[in-house]
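Asker: The structure that follows is given in the form of structure tokens.
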Amino acid sequence: MFIHVVQRGDTLWKLAQRYNTSTSAIASANGIQESGILVPGQSLLIPISADQHTVRQGESLWSIANRYGTTPEVLAELNGITYPFYIYPGQLLRIPVPAKPTIEVNAYTEQFNEAGVREVTDIGSLLTYLSPFSYRVAIDGSLSGPDDDALIEASVDQHILPMMVLSNFKDGTFDSDIAHAVLTNTAIQTKVLNTTMDTMRQKGYKAINIDFEYVPPADREAYNTFLRRLKERLAPSGYLLSTCLAPKTSAEQKGRLYEAHDYPAHGSITDFVILMTYEWGWSGGPPRAVAPIDEVEKVVRYALSVMPASKIMIGMPLYGYDWTLPYAQGNEWAPTLNNPEVVRRAAQYGAEIRFDGPSQSPFFRYYDNNGVQHEVWFEDARSVQAKFNLVKAQKLRGVSYWVLGTPFRQNWELLRANFTVKKLV
């Protein structure tokens, strides 16, 4: 796959001619209509088998390397280019075709209808785990779960390992009191453990993901003890244990979201962890990239300092947000947009998509029909590739998506092009 950034005057027909492919192939790779309008700044995947690249005006060795999922140093060595890596328009560069590393891929879903089952079937070859969200713990230790039978059946059909999610989610948020009760009351905790094991056996789950958030900081060690007890119960059946970890950059990071999440302990106790590396830009906050690569890298750097790369999966969002400007605390929360909706909105209001270098994330501004200004941040092929490059560079275990039900064809095509997805069943 080659990533092309749309320029004014580009059409699918022109791009097909330029890259010696077809309009239908480009449209299919990007989940768009052949007759659709292209937006300046929009990223498009071009499905070509390329081992050569002709340098165009404005390109750098860095930008070319990023588009092909390699590094400037590798390109320079392969093409005999010495520092400071000068290249010129018309220069023909050899592009390495590396072997694809194997990773594990998880995806959360909140879709329990036919559409949810259909999506799991469509992308099933690209998933190691499927995590229906979620089984919710009550303050008395009882569990309430979703209608997940059809999703589990679809997972089995696609050789996906179904992963049960246990959370302290209640009434649209994570409940600290529930977490405290489960982690500090022995009777309640035993009830949770027993019910969890029974549910896994009855439903056919082979792994469990603990997503306890807003855990009281004083319960940090109690959380670790709970995980050790759970791991002892899971081990005889060969069930896997994972946890969700808030995006910390140091052990001393303050805040109710962070303090009880003990990276070294989770890295030691569990089979793997999922770093929640998204929501820097969130619906109720100011406009910002949802998963800026510079921030993601800081979290990964800390995680790598206390646990092996083979236990780390980074979280990846499949969505963006549309904020109303000027932002003020207490504003109406920004609505969520999927990738096709974002591009349609940019086309509707004549916006040009821009790309922020430090965060490796696309964004644009527009005025709606009422003259109100908006700012949109989202994910595209370039931001996805940047995260895949991080996974490769650090040899991480894999990636975990939040959340299915938000169409993003480019992501799945790039996942297939970059990696071989490991299957455990």
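Bear in mind that the values in this text are calculations on the coordinates, not laboratory data. These numbers were taken from a predicted model, which means no experiment stands behind them. Methodologically, a virtual Cβ is constructed for each residue, glycine included, from the backbone with ideal geometry; neighbour enumeration extends over all protein chains shown.
Asker: Given points 7 Å out from each Cα along the Cα-Cβ axis, report the Trp282 to Ala218 separation in nanometres with one decimal.
Answerer: Calculated label separation equals 2.4 nm.
Asker: Right, something else. Can you work out the Karplus-derived ³J(HN,Hα) for every residue in the range 235-241? Use 6.51 cos²θ - 1.76 cosθ + 1.60 with θ = phi - 60°, whole Hz, and x for glycine or proline.
Answerer: 4, x, 8, x, 6, 8, 10
Asker: I'd like the FRET efficiency for Arg201 and Ile37, computed as 1/(1 + (r/R0)^6) with the beta carbon distance as r and R0 of 56 Å, rounded to 0.05.
Answerer: Plugging the Cβ-Cβ distance into 1/(1 + (r/R0)^6) gives 0.60.
Asker: What is the distance, in nm, between label points placed 7 Å from the Cα along the Cα-to-Cβ direction at Gln394 and at Lys100?
Answerer: In this crude spin-label approximation the distance works out to 2.3 nm.
Asker: Quote the Stokes-Einstein diffusion coefficient, in whole µm² s⁻¹, for the chain, based on the Kirkwood radius over alpha carbon pairs, a temperature of 4 °C and a viscosity of 1.567 mPa s.
Answerer: The calculation lands on 57 µm²/s.
Asker: How much FRET efficiency would the formula 1/(1 + (r/R0)^6) give for Asn185 and Gln329, where r is the Cβ-Cβ distance and R0 is 56 Å, rounded to 0.05?
Answerer: So, using R0 = 56 Å, E works out to roughly 0.95.
Asker: With both partners inside the chain, how many of the DSSP beta bridges are antiparallel, as a percent to the nearest 5?
Answerer: So the antiparallel bridges amount to about 40 percent of the total.
Asker: So who's got an amide H within less than 5 Å of the one on Tyr401, skipping anything under 5 residues away but keeping other chains? H placed 1.01 Å off N, in plane.
Answerer: Answer set, sorted by chain and number: Asn106, Ala107, Tyr108, Met316.
Asker: Per-residue HN-Hα couplings for the range 54-61, Karplus 6.51 cos²θ - 1.76 cosθ + 1.60 at θ = phi - 60°, whole Hz, x for Gly and Pro?
Answerer: Each residue's phi maps through the Karplus curve to give 9, 5, 10, 3, x, 7, 10, 4 Hz.
Asker: Related question: How large is Rg/Rh for the range 2-94, to two decimals, with Cα atoms and a Kirkwood Rh?
Answerer: 1.00
Asker: So which of Lys203/Lys387; Lys170/Lys248; Lys100/Lys170; Lys100/Lys254; Lys170/Lys392 end up more than 32 Å apart by C-alpha?
Answerer: Those over the limit are Lys203/Lys387; Lys100/Lys170; Lys100/Lys254; Lys170/Lys392.
Asker: Step through the residues of the range 307-322 one at a time and calculate ³J(HN,Hα) from phi using the Karplus curve (6.51 cos²θ - 1.76 cosθ + 1.60, θ = phi - 60°), rounding each to whole Hz and writing x for Gly and Pro.
Answerer: Computed from phi, the couplings for the range 307-322 are 7, x, 4, 5, 10, 10, 10, 8, x, 10, x, 10, 8, x, 10, 10 Hz.
Asker: If you don't mind, another one. Can you give the extra length, in nm with one decimal, that the chain gains between Ser144 and Tyr367 once fully stretched, where that is 0.36 nm per residue apart less the Cα-Cα distance?
Answerer: Contour length minus Cα-Cα distance gives 75.9 nm.
Asker: Can you give me the long-range amide H partners of Thr277? Hydrogens built in the peptide plane at 1.01 Å from N, cutoff under 5 Å, separation of 5 or more residues or another chain.
Answerer: Gly315
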